[in-house]
Amino acid sequence: MSWKMSRFKDCFGIVMNKRTIFAVATAHGRAGIAVHRVSGPAAGAALRALSGAGLPPPRRATRARLRDPATGEDIDDGLCLWFPAPASMTGEDVAEFHIHGGQATSAALAASLAGIEGLRPAEPGEFTRRAFENGKLDLTAAEAVADLVDAETAAQRRQALRQLDGALGRLYDGWRQVSMRSLAHLEAHFDFPDEDLPPDLVSGARVGIAPLITAMAAHLDDGASGERIRDGVRIAIVGAPNVGKSSLLNALAGRDAAIVAATAGTTRDVIEVHLDLGGYAAVVADTAGLREPGDVVDAVEREGVRRARLRAEQADIRIVVFDATSGAPSGAALEALDGGHALAVLNKIDLRPVLGPALATEIAGVPALAISALTGAGLDRLVEALRARIAERFAVGEAPVLTRARHRAALEECVDALRRADSATLPELMAEDLRFATRALGRITGRVGVEDILDLVFADFCIGK
Ligand SMILES: Nc1nc2c(ncn2[C@@H]2O[C@H](COP(=O)(O)OP(=O)(O)O)[C@@H](O)[C@H]2O)c(=O)[nH]1
Ligand SMILES: [Mg+2]
């Protein structure tokens, strides 16, 4: 939906008196407490109707006997909270009911709320959407709310919380201001050519562009840290057939995710498990054994090997597994050690290793760890080594990082447009590219308005005079 469209709908919302929404904010099912939230113009009326009393003081938990307003039947003894607009999560009037988390209790409260004039159940994400529409959150913060709810690892939680604090949104808004200011110089140059404007408007427009490109390029060149912390670092387990790759995946996952068999070529497709590796989210993939083309038995295995190679190439970290009981490593597995980002693993050390202890510390210059996927020996050290690798490559510092492909795509578009603007010979073309760049940045935070630009034009014009 375009910005203008949402403005239009907002106006309609006011004219048609926006409906009040309600939803349970806690997870469904049995729990100690369930929190029901109501947002909209009728939130106060709903609170009064259910508690049978006046509105409690704002933002203070107040005990109340909750009754169905239609039947007078008792629902529960609970706490009520009242957040009058605009100092609420959504920016609207908000009421909260903290009740006992039994399913019947929650259902009774929801039924009573549904019976109140002007109330309807919220759509998924509707509270956050209203917060966004009322300027309580920008889009990056709204995304952070979703990420925080989904966070499964400590690193994901920390990153989402930082994004929710608005650091990322402020960074992008700041850049957008710079881009708009350059544009404002040009707009003034176009709109008032005959007026007594400062002569250097066009060069003034150009000044801010190069530093902006530098800052954005540095921000983009982050090794995709934010995205990996959020979506999981991609780890591929590769190696020759039968060395114990599937056994290793199962050992790391703590369950039988992949089929293990003494038959070479058992694993044919890529099998993924999501793991928490020492506080970092990781997607670990088990792959088909890398066999020489001549040894591949059929078309399915050939496809499996192709996928395995692809996965190995795309992985952030490759665990290359070798069998400690067979002879010197060779072939495709050795090649997989090349190109950095690999970790060698010598498996089956519970059996009599043929590869001597000297080999156990490194293979072809890559650090190697001796393990047994069967007994679990050495697994802790492997997990620690993986955690250290992830921390070294992806741990983010204090500066805000982009966390989604959506941010990256918009920023790349923006940098391209700024580069074009920087080298543009005609002010008209420069303005066109700056408009494009500003819009791309605005898409990330959800602020996409032409009016903003006009406001700035006016402000700069007045200053210029
Ligand atoms: N003794 C021993 N056997 C293992 C170990 N890891 C795997 N195996 C066995 O090696 C065979 C091949 O294992 P699998 O995980 O399917 O290997 P993949 O083909 O590399 O996926 C199976 O019979 C496993 O039980 C280990 O650490 N010790
Ligand atoms: Mg396998």
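The values are calculated or read from the model by the stated rules, or taken from the named source; none is laboratory data. Quick caveat, the model's predicted, so the values are computed rather than measured. Quick reminder, even Gly has a Cβ in these numbers, built from the backbone with ideal geometry, and neighbours come from all protein chains shown.
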Matching residues in the range 204-220 - criterion: being modelled with pLDDT under 90 and of a type outside the set (Val, Ile, Thr): Gly204, Ala205, Arg206, Gly208
Long-range neighbours under 6 Å by Cβ, at least six apart or interchain, first residue touching a residue at least 40 places away in the same chain (Cβ under 8 Å) and under 12 Å from Ala258 (Cβ atoms) within the range 268-292, second within 10 Å of ligand 1 (Cβ to nearest atom) and assigned to a strand (DSSP E or B): Asp286/Ile237; Asp286/Ile271; Thr287/Val238
Helices (runs of 4 or more DSSP H) lying entirely in the range 16-133 (those with 1 or more residues that are at pLDDT below 95, of a type in the set (Asp, Glu) and in contact with a helix residue (DSSP H, G or I) (Cβ under 7 Å, 6 or more places away or on another chain)): 126-133
Index of the failed condition, Gln159 passing every other in (1) in contact with a Leu (Cβ under 9 Å, 6 or more places away or on another chain); (2) in contact (Cβ under 8 Å) with a residue 24 or more places away in the chain; (3) under 26 Å from Ser225 (Cβ atoms): (1)
Any hit, the range 274-297, residues being surrounded by fewer than 21 Cβ atoms within 10 Å (Cβ to Cβ) and within 11 Å of ligand 2 (Cβ to nearest atom): no
The lone exception for Ala261 - which of (1) over 20 Å from Leu379 (Cα atoms); (2) touching a residue at least 24 places away in the same chain (Cβ under 8 Å); (3) within 9 Å of ligand 2 (Cβ to nearest atom) it fails: (2)
Among the candidates Ala324, Ala370, residue that is in contact with a Gly (Cβ under 7 Å, 6 or more places away or on another chain), more than 16 Å from ligand 2 (Cβ to nearest atom) and within 22 Å of Ala261 (Cα to Cα): Ala370
Those residues of the range 202-235 which are of a type in the set (Val, Ile, Thr), in a helix (DSSP H, G or I) and within 20 Å of Gly278 (Cα to Cα), in sequence order: Ile229
Check on Arg318, crowded, with 21+ Cβ neighbours inside 10 Å and more than 8 Å from ligand 1 (Cβ to nearest atom): yes
Residue list for the range 346-380, restricted to those being modelled with pLDDT under 80 and crowded, with 17+ Cβ neighbours inside 10 Å: Pro353, Leu355, Leu359, Ala360
Residues of the range 236-245 that turn out to be assigned to a loop (DSSP other than H, G, I, E, B), within 6 Å of ligand 1 (Cβ to nearest atom) and in contact (Cβ under 8 Å) with a residue 60 or more places away in the chain, as a count: 3
Failed item, numbered, when Glu301 is tested on (1) farther than 26 Å from Glu152 by Cβ; (2) free of Cβ contacts under 8 Å to residues at least 12 places away in the same chain; (3) within 15 Å of ligand 2 (Cβ to nearest atom): (2)
Test: residue in the range 246-261 that is within 11 Å of ligand 1 (Cβ to nearest atom) and part of a strand (DSSP E or B): no
Residue list for the range 383-401, restricted to those being among the aliphatic types (A, V, I, L, M) and either free of Cβ contacts under 8 Å to residues at least 60 places away in the same chain or over 23 Å from Ala258 (Cα atoms) (or both): Ala385, Ala388, Ile390, Ala391, Ala395, Val396, Ala399, Val401
Any hit, the range 256-276, residues being at negative phi, modelled with pLDDT of 85 or more and of a type in the set (S, T, N, Q): no
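For Ser179, indicate whether it is among the hydroxyl-bearing types (Ser, Thr, Tyr), within 16 Å of ligand 1 (Cβ to nearest atom), assigned to a helix (DSSP H, G or I) and surrounded by 15 or more Cβ atoms within 10 Å (Cβ to Cβ). Please lay out each step first, then the result.
Values: among the hydroxyl-bearing types (Ser, Thr, Tyr): yes; within 16 Å of ligand 1 (Cβ to nearest atom): no; assigned to a helix (DSSP H, G or I): yes; surrounded by 15 or more Cβ atoms within 10 Å (Cβ to Cβ): yes.
So Ser179 fails the test.
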Any chance Ile271 is within 15 Å of Leu310 (Cβ to Cβ) and more than 11 Å from ligand 2 (Cβ to nearest atom): no
Within the range 242-257, considering residues that are more than 28 Å from the chain's Cα centre (by Cα), buried (at least 24 other Cβ atoms within 10 Å of the Cβ) and closer than 13 Å to Glu272 by Cα, the one nearest to ligand 2 (Cβ to nearest atom): Ser246
